[in-house]
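The values are calculated or read from the model by the stated rules, or taken from the named source; none is laboratory data. This is a predicted model, so every value here is computed, not measured. Cβ placement follows ideal geometry from the backbone for every residue including glycine, while neighbour counts extend to all protein chains displayed. What goes into the accessible areas is simple: the full protein's heavy atoms, side chains included, and nothing from ligands, DNA or RNA. Shrake-Rupley method; radii C 1.70, N 1.55, O 1.52, S 1.80 Å.
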Amino acid sequence: MTDFDTLSLWVAVPVGLLLVLGSTLTLLGTVGLVQLKSFYDRLHAPTLGTSWGTAGVLLASILLFSALDGRAVLHELVIGIFLLITTPVTLMLLGRAALHRDRAEKVRGIPPARARGDAGSDG
Amino acid sequence: MSRLIPHPLLSLGLVGVWLLLTRFSLGHLLLGTAIALIAGWALGALEPPALRRRRLLPLIRLAAIVAGDIVRSNIAVARLILTNGRGNSRRSGFVEIPLRLSDPTALAMLAMIITATPGTAWLEHDSENGVLLLHVFDLIEPGDWVTLIRDRYESLLMEAFA
Amino acid sequence: MSASFVLSLAFGYAQLALALAACFAAWRVLRGPRAQDRVLGLDTLYVTAMLLFIVTGMRVGTPFFFEAAMVIGVLGFVATLALAKFLIRGEVIE
């Protein structure tokens with residue numbers, strides 16, 4: 001544990017609030033992941049964690065280390081940008097996989113594939 | 001110039017990331033620049049499709065709109081999860097939206113916007129007839145979502161990638 | 001009210017919330033019911049673990065946890081991508 005008493009409250013309070021905001025949103029997202037009924041509903045839940053959940057924690061980290069070091073520490077932005085780019089890819093692919101499997105099993109209430117036929121025919 | 005730096009945006013971005021990950025110093029600047037140049041040549045060997053010219057102003061406006069929307073839909077979805085099972089009448093469902101966009105870069109950006117916003121999930125896009133299949137967490141009126149996506153995001157993207 | 005008191009309160013809360021979030025995500029991985037649910041749970045578990053590492057790094061005050069968090073992020077992306085691709089191509093029930 002390092003001593004944070006050199007920091008002023010003007011830094012500590014925003015850092016704390018951002019941390020609480022980020023972790024609460026991530027927690028809410030996983031609560032949704034547990035309690036929602038269908039897969040397509042659950043697909044929405046983790047986006048809470050990957051949007052403002054992550055943003056809150058990363059901003060808190062940027063603020064804290066910048067204040068501690070007395071210079072702009074921005075390397076958390078790399079994780080933020082990376083997550084911003086990769087989350088759509090994984091969720092899209094997961095959604096398509098679910099759609100594909102549900103169609104193959106003829107689950108009710110799933111929109112049918114278009115005339116071209118199979119879902120996921122492009123790579 | 002364009003032979004030496006075939007992909008200036010990529011190289012610039014790589015230098016930026018390199019400097020973010022290390023402490024800023026002259027040595028790292030040189031090393032990062034060298035790596036970024038080599039990466040640019042390597043990408044040039046792969047011959048990706050060239051980006052067409054795009055306008056920056058609509059993109060900036062779009063970014064501002066999206067940032068606001070993400071905050072708002074975060075609050076909305078968080079509230080829906082908290083009140084779930086306590087008599088709220090949330091109904092989720094699939095929405096089909098005919099898109100006019102066909103530029104792959106613009107479509108990729110639209111996919112990022114839709115997925116990054118909690119409450120909407122991009123499932124499938126048919127590149128032949130341009131129909132996008134979405135899943136919406138809180139489906140009030142399917143028509144609302146069609147107009148929302150088309151007027152709010154797609155028109156700005158059309159402007160930017162015209 | 002000193003700065004370190006405020007921060008330790010926030011760190012404690014954030015670590016607890018994220019640990020609980022990781023448990024919920026793990027529950028979804030174990031419970032299923034279908035393969036895509038497990039993959040989605042695993043992806044969420046990766047993200048929460050990454051955030052937990054960042055918060056722990058802030059608490060300890062070293063930037064080294066950050067690099068671990070980045071590795072988790074990259075690995076999580078590749079793992080989820082491979083699993084989702086496997087669900088599309090590999091194991092299709094017909």
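For every residue, the table says whether it meets (1) under 17 Å from A:P46 (Cβ atoms); (2) modelled with pLDDT under 90; (3) not basic (K, R).
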residue: C:A19; (1), (2), (3): yes, no, yes
residue: C:R34; (1), (2), (3): yes, yes, no
residue: C:R38; (1), (2), (3): yes, yes, no
residue: C:L45; (1), (2), (3): yes, no, yes
residue: C:R59; (1), (2), (3): no, yes, no
residue: C:F64; (1), (2), (3): no, yes, yes
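Candidates in segment B:96-123 are the residues that are in a strand (DSSP E or B) and either in contact with a Phe, Trp or Tyr (Cβ under 8 Å, 6 or more places away or on another chain) or under 24 Å from B:L80 (Cα atoms) (or both); of these, the one that is most open to solvent (accessible area, probe 1.4 Å) is B:E96. When B:R61, B:R150 are checked against the criterion of being under 14 Å from the mean Cα position of the chain (by Cα), in contact (Cβ under 8 Å) with a residue 40 or more places away in the chain and surrounded by fewer than 18 Cβ atoms within 10 Å (Cβ to Cβ), a single residue qualifies: B:R61.
Within segment B:129-139, is there a residue that is more than 19 Å from B:L62 (Cα to Cα), away from every other protein chain (no Cβ under 14 Å) and out of contact with any strand residue (DSSP E or B) (no Cβ under 9 Å at 6 or more places or on another chain)? No, the conditions are met nowhere in segment B:129-139. In segment A:1-87, counting only helices (runs of 4 or more DSSP H) that sit wholly within it, the ones holding 1 or more residues that are more than 20 Å from B:D138 (Cβ to Cβ) span A:9-35, A:54-69. Here is a list: B:A160, B:A106, B:A121, B:A111. Which entry is touching a residue at least 60 places away in the same chain (Cβ under 8 Å) and of a type in the set (G, A, S)? It is B:A160.
Residue pairs whose Cβ atoms lie under 8 Å apart, separated by 6 or more positions or on different chains, with the first residue in segment C:58-70 and on the phi > 0 side of the Ramachandran plot and the second open to solvent by 40 Å² or more (accessible area, probe 1.4 Å) and not polar (S, T, N, Q), are C:G61/A:M1; C:G61/A:L68.
Could you please give the count of residues in segment B:84-95 that are open to solvent by 30 Å² or more (accessible area, probe 1.4 Å) and modelled with pLDDT of 80 or more?
Residues meeting the conditions: 1.
Out of A:L74, A:L93, A:L18, A:L28, which single residue is open to solvent by 10 Å² or more (accessible area, probe 1.4 Å), more than 9 Å from chain C (Cβ to nearest Cβ) and of a type outside the set (K, R)?
Checking each option against the conditions leaves just A:L74.
The residue that is farthest from B:I81 (Cα to Cα), among those in segment B:102-126 that are hydroxyl-bearing (S, T, Y) and more than 7 Å from chain A (Cβ to nearest Cβ), is B:S102.
Kindly provide the set of residues from segment C:56-83 that are over 30 Å from C:A3 (Cβ atoms) and not polar (S, T, N, Q), ordered by number.
The answer is C:V71, C:V74, C:L75, C:G76, C:F77, C:V78, C:A79, C:L81, C:A82, C:L83.
Residues in segment B:13-28 that are more than 16 Å from B:A42 (Cβ to Cβ), open to solvent by 60 Å² or more (accessible area, probe 1.4 Å) and aliphatic (A, V, I, L, M): B:L21, B:L26.
Can you confirm whether B:T33 is of a type in the set (S, T, Y), at pLDDT below 80, open to solvent by less than 70 Å² (accessible area, probe 1.4 Å) and outside the structural domain of B:T115 (by TED's automatic domain parsing)? No, not satisfied. For beta carbons closer than 6 Å, sequence separation of 6+ or different chains, a first residue in segment A:35-55 that is in contact (Cβ under 8 Å) with a residue 12 or more places away in the chain and under 10 Å from B:A121 (Cα atoms) and a second that is aromatic (F, W, Y) and crowded, with 24+ Cβ neighbours inside 10 Å, the qualifying pairs are A:H44/B:F137.
Within segment A:44-62, the residues that satisfy the criterion of being among the aliphatic types (A, V, I, L, M) and modelled with pLDDT of 85 or more are A:A55, A:V57, A:L58, A:L59, A:A60, A:I62.
Filtering segment C:19-52 to residues that are at the interface with chain A (Cβ under 8 Å from one of its Cβ atoms), under 18 Å from C:F65 (Cβ atoms) and surrounded by fewer than 17 Cβ atoms within 10 Å (Cβ to Cβ) leaves nothing.
Okay, residues lined up against (1) under 15 Å from the mean Cα position of the chain (by Cα); (2) crowded, with 20+ Cβ neighbours inside 10 Å:
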residue: A:W10; (1), (2): no, no
residue: A:Q35; (1), (2): no, no
residue: A:L48; (1), (2): yes, yes
residue: A:S51; (1), (2): yes, yes
residue: A:G56; (1), (2): yes, yes
residue: A:L59; (1), (2): yes, yes
residue: A:L64; (1), (2): no, yes
residue: A:I81; (1), (2): yes, no
residue: A:R103; (1), (2): no, no
